[in-house]
Structures are given as structure tokens and as C-alpha cells.
Amino acid sequence: MPIVLNPKGFKLPRIEKEKFILLIRLGLNYNQELGLFSVKNYNNIEKLIDAISGILGSEVIFSQTCTRCGKSFSCSDCKYVELCTTKDLPFSCVCPQCLRDRKQFEEYLEKF
Amino acid sequence: MRIDILWVEKYRPKKIEDIVGNEEAKATFVEWLTGKRKTTKKAVLLYGPPGVGKTALVNATAKEFGFTIIEMNASDTRSEKAVNEIAKPATSYVALDAFSGGTKGKGNMLFLDEVDGIAGNEDRGGVSAIIEIVEKSLVPVIMAANDPDIDKLRPLKKVCLLIRFHQVRIPLIIALLQKICLLEHVKAEFEALEHIAQNSKGDVRSAINDLQSLSEENHVLTLQDTMGLSSRNKDISMDETLRGFFSAKSIDEVSGLLFRSSVDYDEFLMSVSDNLPKRYTNPEELAAAFDLVSQADIYRGRIGTENWHLLKYFYNALSEAAAVAPQSYKPFELITPPIRIITLFWTKGKRSMLDAICRKIGAQCHVSHSKAKKDFVPYVKEILQKKKSSALIDWFKFTPEEVDFLIKMSKY
């Protein structure tokens, strides 16, 4: 069972200095006050996931945030997951409910 | 279906938020440009597959923040001299209105598109000149590339903040198509939009083109209408496009065909030129068709790599060339691939031989390749034709094959 992380803030167990430096180099940010990691740079996101998976000893996926309703959802809910080149990566997307809901879409358009 | 305005053009992003997907990259870029991102990098390199919004982001940002874009793209020579002539002046002063405190008029922004295309002799010294400009620049320097991993760009990457772009996700493309349908009053089935988005493989431009071609006329789009898409986009070969082009009965038929086909425009233009004399036997018809093809060629040149809003003129001129005399069509054997490409293929061996000779002359006489070809080869040939055992052969270290080639060559 993969571990689902929120890219805006997640906790990791205490790690060695070298591993911490590696995570920061790969694009993580660490908030000392809250003790939370967040994704700051997405250029090496695949390597970053590998590194986190190694630390947690389990497969890691990131939750998605819907650009329309702002809710979190998982790529496994999406029917296009097999065609997606960025599945489980923390990038903007539209959740299946919003995509189907025409009324909500029209409301969303009115914002612009 | 004569195309009046392409939806790709009509819905070109005007604001940063209009760009679909890559929110993270967009945010990073804006932070860098506005100085909110803590970095010492004076330049930024946007990289990722084509059609994901790199150039659109630069244009939209410039518009929104009031920058004037000074652009050098793949169609410009980007040698050290060219970069210094164009980019240096543009980056070495700050516009006076930048100090006025207004929101508009922030001065210049240097944009080097397709930097991974910098290669060969024409662009010699280009990369080092760009690095020097980045270090001394007083204005933002932005670069875009599809493949940042080529060796030549390694020094550039060191001085740039790298921002990666990913393929646009299918749900986001569907959302964009829904928005266009709403604005264009197209009644579209969700499954139809889904099919177009899946077929586009992350290329927003091709998805919008498909939507327009399928729904512009009736303003209704069903899943059945999109069924021909996958086979159409993938399987229309050059041969089929040419055959359809020449046998078309009307301008509308050709327009539709060209709009849907994904053949290489330059190669198609060459093939049309090659086949026109076979299609039109009447000299007047042939002249009229060639005139229209030459117009299409002018538009193709002006389109370059980014002025795609001119594509409709290219299509229209070509469509008219195909329909100069629809009644006179008789099936004929097509010439394909283009004669120019076949000729280049046939003469490759000869050109390589001449290149080797020019290199040897250049090395001995300390002249460039082109000077050796223009000013030396004719005389060396003349000398060798008169005296085959000339001391020149040893001096230039010509092989017997090269000597034979020089003596027999009729054109250099």
C-alpha cells in the first residue's frame, strides 16, 4: 500500500545529515517551526520521490489538488491515469467530479 | 471549410493564468521575475516538451508585467557576433520608464527561444556570448529549450535557474476544451472532448485544432464525430495528403485536408511544387498554381517557428493552388519524396568528398571552408586537369579518389 503525501506539508522520520542534505538539494523545503517538509522545486521530482520512498521504506505518491474546487484527490481516482506521464506527481489537475460537473464549471468560469 | 481565424490563435493565453497546467513552473518563473525568489541566478532556462506553454508563458508574463521582449529564436543566427549585436545592447541599459514607478514599461526582457538548437558553424561562440551577457545583463534573460541535457548547454545551465515543464495533463486539456466550447457555443459531448484530449498526447495546440476542425461548422460535437481522429492524425501519410490535395474538387475540401494532416509543411510544399507540372498541363493553369504556391511559401517563411497565426494564409494559398482547375484532374504518378531531398541524398557522397578536399585546402592555406571551395577549388582543378602529377597533390595530401573527383567534377 503506497503512502500518500501532501506536497504542501508532510512529516518524515528523523534522518541522517547526508540524507537531509540530499532531500534539500533535490528540491524539498523544511519548515523548522512546524517540522514539515514541502516540495519547493519540481525539476527532480522523480528522484525526490525515490529518495523519500527509500527513507520511508515504502512506495510514495503525492496527492493532487483540484484547480477548481481545491480538494485533495488521488491519481487512482482518475480514469486517465494510464495515459498520464506525470501520474502521482504533485502537479495541478482537475478532479474527476469537477470535470464532469458542468454547472460547477460554469460557476468556475464566471470567476474570470 | 475556409478557416477565418484559428482558435489556437483566438485563445492564445493573454494572461499567465490563461496558460493551462504547469502551475508550479509558472509560479517559480513569476517569483524569479519579480525578485521574490531567493536566487543569485540572473537568467532562467525553461525546459520541457514542445506545446506545453514555455513561449506562451514568456509572452503572457511580458504583457502582464510591462516588459518589451527582445527575442532571438531558432530562425536567427546566434553566433557570437549576432548575439553581441542584438542581445548586448538590449541587456546593457534599463529603460527610463522603469524608474518612473509606474506599473507599465519595465524595459527590456531578452528571450532566447530554442537554445538547444544552437549548433554548427553558423552559431559558433553563441553559448559563451550568451553566458557573458547573462553575467553583465541589467534586464531579465530568459531561455527556452526542449532538451536541456545536450552537452553544449552544460555551461549555460550553470548560470541559469532551471524550470521544468511537463506535459499538460488530460483533465486540464478537457477543461480547456470545455471552456472553448462554452465560449464558442459548441454543444459537445463530454466523451468527445475526452477523446480529443486523449488523442492530443499533452499537446494543447493540436487538441484545440482538432476541436475546431470537428465542431466549427455545426457547433455540435458527438463522440462519433471524433472517431476518425486517431487514425486520421496518425496515419495520413505524405502520399495520401498529396493525393487528396491534387484530387480535391474544391478549396474547402483541400482546406479541411491540410488542416487535419500533420505532414511536415516544408516537405509538403516541396512535393507540391514538384508535382504541379504533372497536375496542370495547361501552362496558364500551371502558372496560376505556381503563383499561389509561391505565396504559400512566403507565408511559410514568415511563420518560422512561432508566428502560427499566419498558418491560415498558408493553408488558404495552398488550397487555392490545388483548386485552380478542379475539372481538369486526371490521376497521375506522384513524385515523392521531394526531388530536392532525393538529390541531396544522391549527391551526399560527392558533397562529402568535396568537403574533405576543402578541409585539406583550408588546413594548408589557412582559409575557411567556403573560401577554399569558392577561390581555391576551381584553380586546383584547373592545375590537376593539365598536370595530374602536380606537386600540389602531395602538398594537399589528396587521395587518388579525391584527385579523380577534382579532375572529373563539373560543378563545384
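Here, each number is a calculation from the coordinates, and none is a lab measurement. Just so it is clear, the model here is predicted, and its values are computed rather than measured. When we count neighbours, we look across all protein chains shown, and the Cβ atoms used for this are built from the backbone with ideal geometry, even at glycine.
Residues B:MET409, B:MET238, B:MET72, ranked from the fewest to the most other C-beta atoms within 10 Å, line up as B:MET409, B:MET238, B:MET72.
Each of B:MET270, A:MET1, B:MET109, B:MET227 was scored by other Cβ atoms within 10 Å of its Cβ. Arranged with the fewest first, they read A:MET1, B:MET227, B:MET270, B:MET109. Across the stretch A:3-62, the fraction of Cα-Cα pairs farther apart than 18 Å, rounded to a whole number, is 22%. Of interest is the spacing of the C-alpha centroids, which for the stretch A:28-60 and the stretch B:1-66 amounts to 27 Å. Would you kindly state how much longer the chain becomes between B:LYS152 and B:CYS365 on full extension, computed as 0.36 nm times their sequence separation minus their alpha carbon distance, in nm to one decimal? Extra length available between B:LYS152 and B:CYS365 comes to 73.7 nm. With R₀ set to 30 Å, the beta-carbon distance separating A:ARG25 from A:SER72 gives a calculated FRET efficiency near 0.65.
Applying 0.36 nm per residue to the separation of B:ASP394 and B:ILE298 and subtracting their alpha-carbon distance, the gain on full extension is 29.7 nm.
Pairwise Cα separations in the stretch B:243-343 fall into 5 Å bins from 0 onward with the following percentages, short to long: 2, 14, 24, 27, 20, 9, 3, 0.
Taken as Cα centroids, the stretch B:286-306 and the stretch B:355-373 sit 37 Å apart, rounded to the nearest whole angstrom. Sorting B:ARG12, B:ARG302 from the fewest to the most surrounding beta carbons within 10 angstrom yields B:ARG302, B:ARG12. Each 10 Å bin from zero up to the one holding the largest Cα-Cα distance in the protein assembly as shown carries the following percent of pairs: 3, 14, 20, 22, 20, 12, 6, 2, 0. From its DSSP helices (H runs of at least four residues, each -39,500 (n - 2.57)), chain B gives a residue-normalised ellipticity at 222 nm of -16000 deg cm²/dmol.
State log₁₀ I(q)/I(0) for the stretch B:348-408 at q = 0.12, 0.20, 0.21 Å⁻¹ as given by the Debye formula over alpha-carbon point scatterers of equal weight, solvent excluded. Results for the stretch B:348-408 at q = 0.12, 0.20, 0.21 Å⁻¹ read -0.23, -0.68, -0.75. Couplings 3J(HN,Hα) of the stretch B:314-322, computed from phi: 4, 4, 5, 5, 5, 4, 5, 5, 6 Hz, in residue order, whole Hz [Karplus 6.51 cos²θ - 1.76 cosθ + 1.60, θ = phi - 60°; x for Gly and Pro]. Full extension of the chain between B:ILE342 and B:GLU80 gives 90.9 nm of extra length, using 0.36 nm per residue less the Cα-Cα distance. With an a/c value of 1.5 or above and a/b not larger than b/c for the gyration tensor axes a ≥ b ≥ c computed over the alpha-carbon atoms, the stretch B:169-233 is described as oblate.
Convex hull of alpha carbon positions in chain B: directionally averaged projected area 25.9 nm².
Suppose R0 equals 56 Å; then what is the FRET efficiency for B:ALA287 and B:GLU382 from their Cβ-Cβ distance, rounded to the nearest 0.05? The value I calculate is 0.85.
Note that the stretch B:218-229 has calculated 3J(HN,Hα) couplings of 9, 6, 9, 9, 10, 4, 4, 4, 8, 4, x, 4 Hz, one per residue in order, obtained from phi through the Karplus relation 6.51 cos²θ - 1.76 cosθ + 1.60 (θ = phi - 60°); glycine and proline are x. Only DSSP H runs of four or more residues enter the estimate; each adds -39500 (n - 2.57), and after division by the residues of chain A the mean residue ellipticity at 222 nm equals -9000 deg cm²/dmol. Scanning residues 5 or more positions from A:VAL60 or on other chains, those with amide H under 5 Å from its amide H are A:ILE3, with H placed 1.01 Å from N in the peptide plane. Given the protein assembly as shown, what percent of its DSSP beta bridges are antiparallel, to the nearest 5? Percentage antiparallel, nearest 5: 20.
Amide H to amide H distances under 5 Å link B:GLU71 with B:PHE111, where only residues 5 or more positions off or on other chains count and H is placed in the peptide plane. Projecting label points 7 angstrom from Cα along Cα→Cβ for B:LEU334 and A:GLN97 puts them 5.2 nm apart. Taking a point 7 Å from the Cα of A:GLU16 along the Cα-to-Cβ direction, the residues of the stretch A:28-56 with backbone N closer than 18 Å to it are A:50-56.
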